[in-house]
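See structure below.
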Amino acid sequence: MSVPLKVLQKILCKTKYKNKDDVDEEENRNPSDHEAIKKLRELLKLQLDDRNNSNQITDDHTLLRFLHMTDYDISKAKDSFLNHLKWREEFGVEKISKEFNFDEYEQVQKYYPHGFHGVDRSGNPVYIERMGLIDLTTLLEKTSLERLVKHHVYEQENTLNVRFPACSIAAGKRIGSTTAILDVKGIGASSFSKQARYLLMEIQHIDSNYYPDTLNRLYVVNAGSGFRLLWKALRTSLDAHTAKKIQVLGSNYKSKLIEVIDPSNLPSFLGGNCTCSEQGGCMISDKGPWNDPKILEILESLKDNKKNAYDNHTNVEEVWLSAESTPDNTPLSLSETIKQMKITVEEAESRFRAIEVAVAQTKQVLQRFSEKCKEFQMKALHFEKSGTI
Ligand SMILES: [Zn+2]
């Protein structure tokens, strides 16, 4: 692998956002973030040392998510983090992320089209759900609510462990949130059966409590008057931090989506020009940097790098960011990295040129010496023949 680990770590620590629509994690940080993270970490250490599992305290960015969630109330953030660890254990999240097989996936897609599809203009993964096309009755003949929730958790883990790190490598900056599109065409209050409400509330509960702050933006599209009424009620149950990331749009949503997502990354049914025809359609192609073999190779090599130290922990992003405390970890942009690499190559080329010149000069000296030798030999022969020696 030609990309050095240190360079990748530097890229991953960089957080510069170009799109004005992004909710900038850095911008939202207040100056005492570092102090708050330190305090939270110390509190967690005290709690977790007793249980001999302090290695579950994760990277700064994850801790910051819990601090955002509780408006920097360190004690509440500690409780939320511990609750999340408890839930992970009870729900068997590690087991789900390694072993869960959603064999009915293709069938489910027919009645509940959803999935990740490419990245937005800032490099965040894009998640699309076509809620208006959900046929819950037929869907529940193919799978169960319990398995749908497990599938959701599996995908969340996959996003944390593979999609975000892969997008970070592709974008040359740290990516830690998703841009989501929810197509609610035809959805109104009457569309929500008891089972649909259960599924939605269960997923919302898991996402907001155990995967906080992983949403960049949510665009609700094709919202009719029915959905808008429903939205008024739903909005009150959301925290202000999440609510401000959601934009509800009617049928004129295309220009907004194109503003944040390049048409090549947007399915044709949402106004883009992608059809993923060779992969069976945009909702099952799962296209994105997380399927790029070169990027997956980098992820694999990074995972192996500290495998022993983390006792086979699967959170790759955490392994990368574990180097944050090393002093030589100044944020470096991709262009700066390339510039530095170019300088190194130029230096090497310059040394080769110097060696070539030195070799050429040595050759000239040796040639002259050889000519002198021949000259001397000729003279010696001449003198020998003339008997003057
Ligand atoms: Zn596509």
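Only the coordinates and a few stated rules stand behind these numbers; no lab work does. Since we're looking at a predicted model, the values are computed, not measured. Glycine also receives a Cβ, built like all others from the backbone with ideal geometry; neighbour counts cover every protein chain displayed.
Things worth noting here:
- Over 19 Å between alpha carbons, listed pairs K95/K150; K173/K256; K45/K98: K173/K256; K45/K98
- Cross-link table K86/K142; K76/K245; K232/K254, entries beyond 26 Å C-alpha to C-alpha: K86/K142
- Residue-wise HN-Hα couplings along the stretch 58-68, as the Karplus relation 6.51 cos²θ - 1.76 cosθ + 1.60 with θ = phi - 60° gives them from phi, are 9, 5, 4, 5, 5, 4, 5, 4, 6, 5, 4 Hz; Gly and Pro carry x.
- Residues with amide H under 5 Å from that of G118, placed H, sequence gap 5 or more: V126, K287, G288
- The stretch 261-274 - phi-based ³J(HN,Hα) in whole Hz, Karplus 6.51/-1.76/1.60, Gly and Pro as x: 10, 5, x, 5, 9, 10, x, 4, 5, 10, x, x, 10, 9
- The fewest-to-most ranking of V248, V184 by surrounding Cβ atoms within 10 Å reads V248, V184.
- Neighbour-count order for R163, R217, R88, fewest beta carbons within 10 angstrom listed first: R88, R217, R163
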